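Everything on this sheet refers to the single structure shown next.
The values are calculated or read from the model by the stated rules, or taken from the named source; none is laboratory data. Not measured: the values here are computed from a predicted model. Note that each Cβ is placed from the backbone with ideal geometry, even for glycine, and that neighbours are counted across all protein chains shown. Areas reflect the complete protein model, heavy atoms only, side chains present, ligands, DNA and RNA absent. Shrake-Rupley method; radii C 1.70, N 1.55, O 1.52, S 1.80 Å.
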Amino acid sequence: MIGKLNHVAIVVPDLEAAAAVYRGTLGANVTAPLPLPDHGVTTVFVELPNTKIELLHPLGDDSPVANFLERNAKGGMHHICYEVEDLSSAIDKLVEEGATVLGDGKPSIGAHGLPVVFLHPKDFCGTLIELEEVA
Ligand code: CO
């Protein structure tokens, strides 16, 4: 069901510092910060040959990653995003398997403008999973 690894998201306390580490120390291509007010985050993409790393920093009062940063002051891995071809049938199968789809269980438009859902970490080895429907 799952296809390619689309991205790994890391929440960071300082976006500039994190971008500098990836650009300088690790020698990666790093994009300019992109504020996504609707999603409560500012993102920086680290572009790798086979996937991307998304550096996330809270934006605004109601950020979905603010709590994570309170619990992990130095930042840390937040979620893994896998691609699926058909999100509705993926959700049906996951519900059938007993997995917990977060929120109202319906796809919403994610930070990249594509339909996504998040799956509860308790069912997936302690890892928050994002599924993204790619055309
Ligand atoms: Co993501």
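Condition test on residue 35, is it open to solvent by less than 50 Å² (accessible area, probe 1.4 Å) and over 12 Å from the mean Cα position of the chain (by Cα)? Spell out how you get there, then give the answer.
Numbers: open to solvent by less than 50 Å² (accessible area, probe 1.4 Å): no; over 12 Å from the mean Cα position of the chain (by Cα): yes.
Taking the combined requirement at face value, the residue does not satisfy it.
Among the listed residues 126, 27, 75, 98, which satisfies the condition of being at pLDDT 95 or above, open to solvent by less than 30 Å² (accessible area, probe 1.4 Å) and more than 14 Å from the ligand (Cβ to nearest atom)?
Values: 126 fails: open to solvent by less than 30 Å² (accessible area, probe 1.4 Å); 27 fails: open to solvent by less than 30 Å² (accessible area, probe 1.4 Å); 98 fails: open to solvent by less than 30 Å² (accessible area, probe 1.4 Å).
That would be 75, the only listed residue that is at pLDDT 95 or above, open to solvent by less than 30 Å² (accessible area, probe 1.4 Å) and more than 14 Å from the ligand (Cβ to nearest atom).
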